[in-house]
Amino acid sequence: MTAAPLTSPADVGSAATAAGGTVRRIAEIPGGATAVGPFSQAVVANGFVFTAGQIPAITGLDDQPESFADQVRQTIRNLESVLKAAGSGLEHVVKVNTYLTDPGQLEEYNRVYTEFFGTAKPARTSVCVSLWGVALEIECVAVLSGDAAAEVTP
């Protein structure tokens, strides 16, 4: 059985009511690279923000930093922009999923990751995969910040 979509394409970026609460979809982030497929950059539901995988694109897939360390930084900055647009931030991240293209990248990834997450240490999964035109992709789950959470409380 296929479930009906919560929103139509015209509703992307707006809120829809679903069982258990409001679902808000964020299609694009002002100033960010355009999504490379038919998906939302983030979905806010029941006090959580679920992000799409973010890549090291600055303005597009052809515009990425040269070094792997700077690609990690750009990817996390992109993730941070998505979280802010949704009403959250890196300090509210509870789970991170990381996709790397080379197992040898893990040590450098961890070093740069710590620059942003420090001792907060969200739960994390890191796997090595094949990706299209990028060295890494990061997605996360965060809770809404206090102000944003208050706005969606019934």
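The values are calculated or read from the model by the stated rules, or taken from the named source; none is laboratory data. Keep in mind that this is a model prediction, so the values were computed, not measured. Heads up: the accessible areas ignore ligands, DNA and RNA and are worked out on the full protein's heavy atoms, side chains in. Shrake-Rupley method; radii C 1.70, N 1.55, O 1.52, S 1.80 Å.
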Report Rg(Cα)/(2.2 N^0.38 Å) for the stretch 74-116, keeping two decimals. 1.25
Solvent-accessible ranking of Ser88, Ser126, largest area first, probe 1.4 Å: Ser126, Ser88
What are the ³J(HN,Hα) values, in whole Hz, obtained from phi via the Karplus relation 6.51 cos²θ - 1.76 cosθ + 1.60 with θ = phi - 60°, for each residue of the stretch 93-107 in sequence order, with x given for Gly and Pro? 6, 10, 8, 10, 10, 10, 10, 10, 9, 8, x, x, 7, 4, 4
Rolling a 1.4 angstrom probe over the protein heavy atoms, how many square angstrom per residue are accessible across the stretch 49-154? 51
Considering the convex hull of the alpha carbon atoms of the stretch 72-154, report its projected area averaged over all viewing directions, in nm², one decimal. 6.0
